[in-house]
1. Take the Cα pairs of region 320-371, get the Kirkwood Rh, then feed it into Stokes-Einstein at 10 °C and 1.306 mPa s and tell me D in µm²/s.
2. Looking at the chain, identify the longest residue range that excludes and avoids all trypsin sites (Lys or Arg not before Pro) in DSSP loops having at most 15 other Cβ atoms within 10 Å.
3. Would you please calculate the Kirkwood hydrodynamic radius of the chain over all C-alpha pairs and express it in Å, rounded to one decimal?
4. Could you tell me the relative contact order of the chain? Use alpha-carbon pairs under 8 Å, at least six residues apart, and round to a whole percent.
5. Between R208 and A115, what is the FRET efficiency for a Förster distance of 35 Å, r being their Cβ-Cβ separation, to the nearest 0.05?
6. Taking 0.36 nm per residue of sequence separation and subtracting the Cα-Cα distance, how much length would be gained by fully extending the chain between A310 and R168, in nm to one decimal?
7. What is the sum of charges, Lys and Arg at +1 and Asp and Glu at -1, for the other residues whose Cβ falls under 15 Å from the Cβ of L386?
8. Read phi for every residue in region 328-338 and hand back ³J(HN,Hα) as whole Hz from Karplus 6.51 cos²θ - 1.76 cosθ + 1.60, θ = phi - 60°, with x for Gly and Pro.
Amino acid sequence: MTDTLTSWGGWEPAIRDDPFGHFAQARARCPVQRMRLADGHPAWVVLGYDAARRALHDPCISKDMLAALQEAGDVVAEGLPGPEFSRHMLNVDPPDHTRLRRLVSRAFVPGRIAALEPAIRAIAGSLLDELDAAGPGATVDLIEGYAYPLPFGVIGELLGIPAADRPRLHTWFQVLLSGWVGDPPPTAVEASDGIVAYLRELVDDKRRSPADDLVSVLIAATEGDALSTQELLSSLFQLVVAGHDTTASLIGNGVVALLDYPGQLQALLADLGQLPAAIEELIRFTAPVPHATFRMTVEPVTLDGVQIPAREQVLVCLGAANRDPGRFPAPDVLDIGRDDGPNLGFGHGAHYCLGAPLARLEARVAFEELLGRHPGMRLAIDRDALAWAHGDGLVLRGLVSLPLVLGPSRRQG
Ligand code: HEM
């Protein structure tokens, strides 16, 4: 029998790099539809804003894929770095979700996040000093030199990863998150093994000598039986993954979007106080996380009039929902003065991004420092030659590199 399902993901580069036209066509066909993923599995893809919002907080749609798939008798692919590292808040439902999120939230209380601002600014400043050392006319890679190491340094500070260990860990994560189709390549297995061994060692070290950091706070919770060692290791892994690539993509994608819209860039340069609103718009418009993570129905659910049976995979396309013309007028235009209310870029409901306040702070400081020093930056290559990354294009959308000529630095005069 011929499979009549439309395919979703695993796109050719032209669609993966700029998926919004493709998203719009699919959403116009139907805001909720069953499609075939690149790995062959069917999934209900949710593209309309209202349906997406509903799907993200409907209790009949589970985040515990492992339990749901096992119950359905499905073979569960273990993936990297394996089941011992997959028991974190993004993979479980209440009451486990509530418990794990509450524990990790201790590091994300507003005072603790705000207190990170000087450290974030210092990291941004020293990265820009390094880029400036190349000279005002030199081509620099903003991803490698700024967008990536900035959030990685910040998550390192928050967790208590010694600065000397970060480059090694950073390289492993880059390999692990580079994406592939099918079996993981040996380099990814090696990187994964390196991360696993490193995180175990870090936990052993902090057990011996606790400090004022999140790893030590979570270790204390394992001693009180509130957290198992598997949950501790999984949470650390998930925080590093969720905490850097996403923000790096926001910074890189955001710079490209502003260069694409010089009028918007000039308006922002005239008043950097608009940055908080501009960052919300850059998240909506550039979709650093184009899809939420996979979910599964545990009961039948109706979304926007479409019935989804129990035990079906659900994939919410945040990038499509955030450009739903029924919710955002002129959705395909970047408008930093937009006043249309919240978008779904950080998700919604119980799994709403725990790191959103930190990501917003990092992005604000990153843009303040970059635009403050280099208001005249420009692309060093053709816009069409930019290299976009991230395997199947489902979970992350970002650049491999962003060659820029920064121009004279205002700081150096
Ligand atoms: C621009 C940057 C970021 C974006 C766009 C983003 C986006 C998201 C989204 C869409 C989700 C929900 C996924 C789902 O429901 O399937 C999420 C969850 C999460 N994010 Fe972020 N994120 C960002 C930065 C960060 C940072 C900096 C951290 C931590 C340091 C972080 C930690 C988390 C955690 C822990 C969760 C899981 C929350 C839960 O399951 O309750 N994120 N993020």
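1. 123 µm²/s
2. 1-409
3. Kirkwood hydrodynamic radius for the chain: 22.2 Å.
4. Normalised by residue count, the contact order of the chain is 27 percent.
5. It comes out at approximately 0.85.
6. Full extension of this stretch gives 46.8 nm more.
7. Local charge sum for L386: -3.
8. Those phi angles translate into 10, x, 6, x, 8, 10, 7, 9, 5, x, 4 Hz.
Readers should treat all values here as calculations from the given coordinates under stated rules, not as data from a laboratory. Fair warning: this is a prediction, and the values are worked out from it, not measured in the lab. Positions of Cβ are backbone-derived with ideal geometry, glycine not excepted, and every protein chain shown enters the neighbour counts.
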